[in-house]
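Quick notes on the structure that follows.
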Amino acid sequence: MANSFRKIDYRLRPAKAVERRMMAEAFLRLRPFGSIESYRYVGMGSVYFSDFSLFHGLCGFDPMISIEWTDDAKIQKRFELNVPLGNIELLFGHSNVTLPTLPWDLRSVVWLDYDGSLGKEVLTDVRYLAAKMQPGSFLAVSVNASLNDTDEGSKSSLQVLTDRLGSIGKIPSHVASAGAIKAREVAAVYREILTQELLDGINDRNAGRPVGQKLCFEQVFFFRYEDGAPMLSLGWVIFDEGQRASYAQCSFHTLTFYKSGPDPFAISPPLLTSTELREVSRCDQDGKYRKIEELPLPPSEVDKFQKLRRYWPITSYAEMT
Amino acid sequence: MPEKSPPLESNTVNAAPTKRFFISVLIKDINFMDAIVELVDNSVDSARTGSGGGNFAGTVIDIDHTESEFSISDNAPGISIRTAKNSAFRFGRPDDAPSNPGAVGEFGVGMKRALFKMGRHFVVSSATAEEYFSVDVDVDEWEAQTETAPNGWTFVMRTAGTNDDPAKKGTKIVVDKLYDYAIEEFKSVNFDTRLIAILKEAHANSLTSGLEIIVNKTAVSAIPATILSSQELLPISYEQVLDISGKEVRVRIIAGVGDPLLADAGWYVYCNGRQIEKAEKTERTGWNSAIDGGETVPKPHWQFRRFRGYLFFESDYQDVLPWNTTKTGLDVEAPAYRRIRADMSSAMLQVIDFLNQLDSEPDGPLAASVAAAPRVELTNLAPNPSFSFKPSTRPQRPKQSRISYLMNSEMVEAVKESLGARSNPEVGKQTFEYYVREEGIDCVPEESVDGQ
């Protein structure tokens, strides 16, 4: 979250845009727990505040809090200049420090949208929120899903991750015994570590609570995407065991991107022009207008679009040259 | 709990313990991981007794768990029926219990406390070369039994007999009806990682002497501890024998210099091969006194990040070793430890004096001695009563200085292009060398400096 807006124009990341819209739809399903409009949203909005604008528009969250890690007064003014809504409160400071300053007696949707990799500061936030979030709340975490870093020199992948997490004790046993992490396994390993941290926090919170009133959580989504850097996002609903029926009423499992386990949903934007996307969208199943197969397009790209169509951003930014 | 008290004499008060004291109270003094390590200690003791010393070749300790059951088994010589009946399951070690020279288990609480810590049902099965038995304890049933006095407490031996296959010896313990925290731990994806990391340190000595420990099919491997040692940098390493109330305790002290890692700096203490302190940097080991005259608030220890001290206590009489009952720390009042404190302090001051000198000349000849010294395993150190060092006689690298300055980025890019340099440090280096060359400055060393 620190100054990443200087490197990335978040509006131009199609996978991220799709992810935001999918998340919004997941958040809307929280209604059995309480009115969506009454939820507080806590995020890391960058200067673009894309998530804030979208979530307020679709979900009606109010109030909203954006955390930014900068102590530069000039940069802080730039954030203030870009705030798109009056109900957004800006908090400047590291999330490890700012999250504990918030009251946590409100149902909240929190999206810890880090642009960095998984490190101990991420686990600190997850552990804190596991201890504090109200039942019926939603926690989402996004991190860079790679282990490569030119600063790490010749260290092994396991050593790099151990150093970032501050302790070998956070590494899943099968990874520690294997002694290395393959690039394709990184996202799954990160999911295991994040889920365990959340579970540890919930277990601590449940210590001494009677059966039936313990807190629990369910994973609702697990996205993988790449808008330049490989990213992953995980989303969990935290609720009281006694609210299991409310959770069932949310019907998260009917979401096309619902993933409760270790297999991610890949958000792969299609390589199609705007015209091609429009044509694919106009084709319906009956083929009254035109059959998709008739389009001179690679089926794999069409498939990608079909999986994301409902969530594809309908706005576009034209580059003037 | 229907536990009847014995009739009191008119001038006595009842001081008898209750079962609850052992089942629910004593377990508060040990954490879950340490309870498992206690069970490993038992197996190590058994193997040590069987091998008549510290050779563990061929001994395997196998730890396994699911989310609802824990087991530990070994192929050590096992527990005899006589020992099981008379002492192994007693709460506290009886005075007439058979001695177990060099063992880790001493207090007679370890195994029972560990089992009570984990769950409410356990089965201990053991076979020596001659016989076997198993004891099955349902803690709920045992706690509910009525009896009149603690000396009437018993567990039931479910099976016992002659071992027809002497090759099949060893002990196996299975625990189930686990407590919630035990289930949570066993479900954790990183539980084995944490257990392995603890075992690696707690039993480093035994692991490097041939002991095999397997945690859920993953072998635990330990790296032997090392310290920097050369002709120019000789660590302290000597052994002395103490007589503690007629009982012999051998102590080996090692102190010297290691890698510059603050987290690893401090004292490491072992009793009969079991690590009880790791990187200890408090007044318990005299650290503050040695560094700042006993200030209660520890000062920054950055320049002492290379300090390493090791204490190895060995004795056939475990009661005189300076450990607490959970074997997770020093008993600083133990005579064996108090007798060695002055030597520890002396060793520490010698090394700290060297580190202060090293800190004042980070690029000097002492640093060269440290840089050149190889890591040597503690077991291979030659006896040496005092820390000795001398400046390196090797040719020194020319002393280097760093130059750092900021320039306009566009100018830097232009110069970079002009020089054909690929990085800003290279621009700095080349422009410096250009000046030296063009001005004819007569100072060019044989080896060019590394520009940064």
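Under 1.5 on a/c is rounded, so check that first for the stretch A:122-183, then, if it is not, pick prolate when a/b is larger than b/c and oblate when it is not; a ≥ b ≥ c are the square roots of the alpha carbon gyration tensor eigenvalues.
Numbers: a/c = 2.59, a/b = 2.02, b/c = 1.28.
Prolate shape, in that a/c is at least 1.5 and a/b is the bigger ratio.
Round to a whole angstrom and tell me the spacing of the C-alpha centers of the stretch B:366-395 and the stretch A:220-270.
One Cα centre to the other: 57 Å.
Counting only protein heavy atoms, probe 1.4 Å: which residues of the stretch A:185-208 lose 40 Å² or more of accessible surface in the full assembly compared with their chain by itself?
A:Q196, A:N203
Got a number for carbon plus sulfur as a percent of the stretch A:182-321's accessible area, 1.4 Å probe? Intermediate values should be presented prior to the final figure.
On the way: 3900 of 7800 Å².
After summing per-atom areas, the C and S share lands at 50 percent.
Taking R0 as 41 Å, what's the FRET efficiency between B:D138 and A:L81 from their Cβ-Cβ distance, rounded to 0.05?
Details: r = 70 Å, r/R0 = 1.71.
The computed FRET efficiency comes out at 0.05.
What list of ³J(HN,Hα) couplings, whole Hz, do you get for the stretch A:154-171 from phi and the Karplus terms 6.51, -1.76, 1.60, once you set θ to phi - 60° and write x for glycine and proline?
For the stretch A:154-171, the Karplus curve yields 9, 5, 6, 4, 5, 5, 4, 5, 4, 4, 5, 8, x, 6, 5, x, 8, 7 Hz.
What does the highest-first list of A:132-143, A:52-63 look like by mean Cβ count within 10 Å? Before the final figure, lay out each step's value.
Working: A:132-143: 22.2, A:52-63: 17.6.
The densest-packed peptide leads the list: A:132-143, A:52-63.
Which percentage, to the nearest 5, of the DSSP beta bridges contained in the protein assembly as shown is antiparallel?
Values: 81 of 111 bridges.
Taking every DSSP beta bridge with both residues in the protein assembly as shown, the antiparallel ones total about 75 percent.
With unit charges on the beta carbon (Lys/Arg positive, Asp/Glu negative), name the residue among A:L308, A:L123, A:M44 whose Cα is farthest towards the positive pole of the charge dipole of chain A.
Checked the options; the winner is A:L308.
Name the shape class, rounded, prolate or oblate, that the alpha-carbon gyration tensor gives for the protein assembly as shown, where a ≥ b ≥ c are the square roots of its eigenvalues, rounded holds for a/c under 1.5, and otherwise prolate holds if a/b is larger than b/c and oblate otherwise.
Here the protein assembly as shown falls in the oblate category.
Dipole size in debye (nearest 20) for the protein assembly as shown around its Cα centre, Lys and Arg Cβ +1, Asp and Glu Cβ -1?
Numbers: 85 positive and 105 negative charges, 242 e Å.
So the magnitude is around 1160 debye.
When the Cα centres of the stretch A:281-314 and the stretch B:150-205 are compared, how far apart do they sit, in Å?
Each part reduced to its Cα centre gives a spacing of 60 Å.
If you average the sequence gap of Cα pairs under 8 Å that are 6 or more apart and divide by the length of the stretch B:19-220, what percent do you get for the contact order?
Values: 353 pairs, mean separation 61.4, N = 202.
Relative contact order for the stretch B:19-220 comes out at 30 percent.
Rounded to the nearest 10 degrees, what's the angle between the helix B:335-360 long axis and the longest principal axis of chain B, both from Cα atoms, 0 to 90?
Orientation of helix B:335-360: about 20 degrees from the principal axis.
Beyond 37 Å, what share of the Cα-Cα pairs of chain B is found? Please give it as a whole percent. It would help to have the intermediate numbers written out before the result.
Values: 44056 of 101926 pairs.
Everything past 37 Å amounts to 43 percent.
Kindly work out what percent of the DSSP beta bridges joining two residues of chain B are antiparallel, to the nearest 5. Please report the intermediate quantities before stating the final value.
Values: 62 of 72 bridges.
Counting DSSP beta bridges with both partners in chain B, the antiparallel share is about 85 percent.
Antiparallel versus total DSSP beta bridges in the stretch B:19-220: what percent is that, nearest 5? Each step should come with its number before you reach the end.
Details: 33 of 37 bridges.
Roughly 90 percent of the DSSP beta bridges within the stretch B:19-220 come out antiparallel.
Heavy-atom accessible area per residue, the protein assembly as shown, 1.4 Å probe: how many Å²? Don't skip to the answer; put the middle values down first.
Numbers: 38350 Å² over 773 residues.
The answer is 50 Å² per residue.
Filter the cross-link list B:K19/B:K217; B:K19/B:K278; A:K16/A:K307 down to pairs whose alpha-carbon distance in this structure exceeds 25 Å.
Numbers: B:K19/B:K217 36 Å; B:K19/B:K278 34 Å; A:K16/A:K307 15 Å.
Listed pairs above 25 Å: B:K19/B:K217; B:K19/B:K278.
Compare the peptides B:277-284, B:201-208 by average per-residue count of other Cβ atoms within 10 angstrom and give them in order, highest first.
Details: B:277-284: 16.6, B:201-208: 22.8.
Put in order of decreasing packing, that is B:201-208, B:277-284.
At 1.4 Å probe size, with the rest of the protein present, what percent of the exposed accessible area of the stretch A:1-150 is carbon and sulfur atoms?
Numbers: 2920 of 5780 Å².
On the stretch A:1-150, the fraction of accessible area on carbon and sulfur atoms equals 51 percent.
Of the heavy-atom accessible surface of chain B (probe 1.4 angstrom), what whole percent is carbon and sulfur? Write down the numbers at each step before the final one.
On the way: 11750 of 23350 Å².
Result for chain B: 50 percent of the exposed heavy-atom area is carbon or sulfur.
Which whole number gives the average count of other chain Cβ atoms within 10 Å of the Cβ atoms across peptide A:171-178? Kindly include the intermediate steps, with their values, before the conclusion.
On the way: counts 6, 6, 12, 6, 3, 7, 9, 1.
Mean shielding by partner chains, rounded to a whole number: 6.
Roughly speaking, what is the stretch gain from B:N324 to B:Y238, that is 0.36 nm per residue apart minus the C-alpha to C-alpha distance, in nm to one decimal?
On the way: separation 86, 0.36 × 86 = 30.96 nm, distance 2.50 nm.
Taking B:N324 through B:Y238 to full extension adds about 28.5 nm, to one decimal.
Any idea how far apart A:S156 and B:T282 come out in nm if each label point goes 7 Å out from Cα toward Cβ?
Taking the simple label geometry, A:S156 and B:T282 are separated by 3.3 nm.
Is chain A rounded, prolate or oblate when judged by the Cα gyration tensor, a ≥ b ≥ c being the square roots of its eigenvalues, rounded requiring a/c under 1.5 and prolate requiring a/b larger than b/c?
Rounded.
List the accessible area buried at the contact between A and B, summed over both sides and calculated with a 1.4 Å probe, in Å² to the nearest 100.
On the way: alone 15460 and 23820 Å², together 38350 Å².
Summing both sides, the interface buries roughly 900 Å².
Check each residue of the stretch B:179-221 and keep those whose accessible area, probe 1.4 Å, is at least 30 Å² smaller with all protein chains in place than in the chain alone; give them in order of residue number.
B:E184, B:V189, B:N190, B:T193, B:T218
Projected onto the charge dipole of the stretch B:100-236 (+1 at Lys/Arg Cβ, -1 at Asp/Glu Cβ, origin at the Cα centre), which of B:T159, B:I236, B:G110 gives the Cα projection farthest towards the positive end?
B:I236
The values are calculated or read from the model by the stated rules, or taken from the named source; none is laboratory data. Everything quoted here is computed from the prediction, not taken from an experiment. In this analysis, Cβ positions are derived from the backbone assuming ideal geometry, glycine residues included, and neighbour counts consider all displayed protein chains. What goes into the accessible areas is simple: the full protein's heavy atoms, side chains included, and nothing from ligands, DNA or RNA. Shrake-Rupley method; radii C 1.70, N 1.55, O 1.52, S 1.80 Å.
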